[in-house]
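What follows is a single structure, written as structure tokens, with notes after it.
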Amino acid sequence: MTLLLILITVFVSVVMIILIIISHIKKTERQRYYAAAGNILREEFLNYALQNTISPDSSVAEPKSAKIMLYLKSKSTGKKTRFVFDPEKDVKIGRDNSESNIFINDISVSQNHCRVYSKDNRVYLQDMNSVNGTFVSRGLFKKYALFGGNQIELRTGDKIIIGSVIFKVRLFYYDLTTM
């Protein structure tokens with residue numbers, strides 16, 4: 001009976017340690033993409049300040065300090081890639097190294113395969129007439145195929161499948177004034 005109690009205690013301790021480690025990894029990842037979003041927005045404000053002297057008739061609208069941001073994470077061919085974007089700036093994904101924000105070197109990916117953009121505070125994925133289509137997996141049983149310019153609203157947890165690459169989507173709200 002004592003041995004069983006010791007084994008249960010050790011098992012519970014190991015499970016608790018694993019849960020703490022997983023929690024720390026997720027917290028660190030969240031801190032990284034929030035920091036990247038902060039850098040993007042700060043750069044946008046700095047560019048605005050450099051381009052516009054203080055004037056009541058400024059032609060460029062002041063950037064928003066709070067907005068929806070996009071975090072894409074992929075693990076393909078053993079290599080992890082992570083991207084943070086402002087979807088208001090049209091994120092292009094494809095095989096064209098000079099035109100794409102995310103370059104995918106895969107023969108099944110079109111030059112200008114798809115784009116992610118925002119409209120009315122919502123984020124969308126649009127296929128750009130790619131040859132093999134763009135796919136979105138939502139949950140266990142829902143899979144959407146996009147062809148010929150079709151689009152779908154993205155949600156946190158969606159998986160975007162482009163050729164052999166799968167991106168996990170996280171949308172998050174970032175407010176520069178809270179930092």
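The values are calculated or read from the model by the stated rules, or taken from the named source; none is laboratory data. Note that the structure is predicted; figures quoted are calculated from it, not measured. Please note: Cβ atoms are built from the backbone with ideal geometry, for glycine as well, and neighbour counts cover all protein chains shown. Surface accessibility is based on the protein's heavy atoms, side chains included, excluding ligands, DNA and RNA. Shrake-Rupley method; radii C 1.70, N 1.55, O 1.52, S 1.80 Å.
Quick notes on this one:
- Label positions at Q31 and D175, each projected 7 Å from the Cα along the C-beta direction, are separated by 2.2 nm.
- Protein-only accessible surface order, largest first, of F11, F85, F135, F103 at 1.4 Å: F11, F103, F135, F85
- Contour excess over end-to-end distance, with Cα ends at T156 and L3 and 0.36 nm allotted per residue: 50.6 nm
- Reachable lysines from K79, criterion Cα separation under 16 angstrom, eight or more residues apart if same chain: K168
- Accessible area in square angstrom per residue, the stretch 79-166, 1.4 angstrom probe: 57
- Accessible-area value, H113, 1.4 Å probe, nucleic acids and ligands omitted, Å²: 0
- Net charge contributed by nearby residues that have their C-beta within less than 12 Å of K142 (K/R +1, D/E -1): +3
- Residue order by solvent-accessible surface for L41, L19 is L19, L41, largest first, with ligands and nucleic acids left out and a 1.4 Å probe.
- With a cut-off of 15 Å between beta carbons, the residues surrounding N112 carry a summed charge of -2, where Lys and Arg count +1 and Asp and Glu -1.
- Subset of K26/K143; K89/K142; K119/K159; K27/K80; K75/K142 violating a 24 Å alpha-carbon distance limit: K26/K143; K89/K142
- Stretching the chain fully between Y124 and S108 yields a gain of 3.6 nm (0.36 nm per residue, less the alpha carbon separation).
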